[in-house]
1. Grab the other residues whose beta carbon is less than 10 angstrom from that of Val92, score K and R as +1, D and E as -1, and report the net.
2. I'd like the distance between the alpha-carbon centres of the stretch 93-146 and the stretch 33-80, rounded to an integer number of Å.
3. Once you have a ≥ b ≥ c as the square roots of the Cα gyration tensor eigenvalues for the stretch 23-154, tell me rounded if a/c is under 1.5, and otherwise prolate or oblate according to whether a/b is larger than b/c.
4. Please list 3J(HN,Hα) in residue order for the stretch 86-93, calculated via the Karplus relation 6.51 cos²θ - 1.76 cosθ + 1.60 where θ = phi - 60°; whole Hz, with x for glycine and proline.
5. Distance in nm between label sites at Thr66 and Thr117, each 7 Å beyond Cα in the beta-carbon direction?
6. In the stretch 23-158, what percent of the accessible surface is made up of carbon and sulfur (1.4 Å probe, ligands and nucleic acids excluded)?
Amino acid sequence: MFFFESCRQAGIGGQMEVGSGLGHDARCTRPADMLVPNWVLGKPAAFDITVTSPLTPITLHEASVTSGSTAQVAENRKHASNDAKCSELGWVCVTLAVEAYGCWGPEAQTNLSRLATRLAIRSNCCKSQATLALYGRLNLVLVRANARALLSRSMATGCQNMMTQGVQRVSWAVRRYDALGSCDTNAKPPL
């Protein structure tokens, strides 16, 4: 997971997929995609990462009016289901919600800014560079996930050739970005 790797680079240790052990089935009560033992004011933070779509019938109208509203709803929903579990364990629940097209929720933005600050200190660069690099990599992860989702749907509907070409172009752009650290506007994608 990229977020785990970013925390490691910032000198923040963590554990992946931590269950609270509450209830009959620990998997159903897992409040943390990643548990960071020392986040804010020395308290452990249970990071819950979620991707949501602004195109569902329930959220479409509000999403068309207010940018990020779907991510905000997802953050609230995650807090409703995880805050009590986290509080019982002495953890802070931190929700990182992002819409499928890249709009991050307000809580996610605040906490990604904290992570960027730690990355900047650790890598001896300015915070704006660390923030751009962090969001750039997170957005690439999101693009890859969206491409995989489109490809899997195309396989089911028979549009395999067209979708495979689109995914190949996205994959090429992602590899190019990874190699250069930024977008090269002069390079041409494969046809």
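1. 0
2. 14
3. Taking the square roots of the gyration eigenvalues as a ≥ b ≥ c, the stretch 23-154 is oblate.
4. Result, rounded to whole Hz: 5, 4, 4, 8, x, 9, 9, 7.
5. 2.7
6. 60
The values are calculated or read from the model by the stated rules, or taken from the named source; none is laboratory data. Small disclaimer: the values here were computed from a predicted structure and weren't measured. Positions of Cβ are backbone-derived with ideal geometry, glycine not excepted, and every protein chain shown enters the neighbour counts. The accessibility values were calculated without ligands, DNA or RNA, using every heavy atom of the protein model including side chains. Shrake-Rupley method; radii C 1.70, N 1.55, O 1.52, S 1.80 Å.
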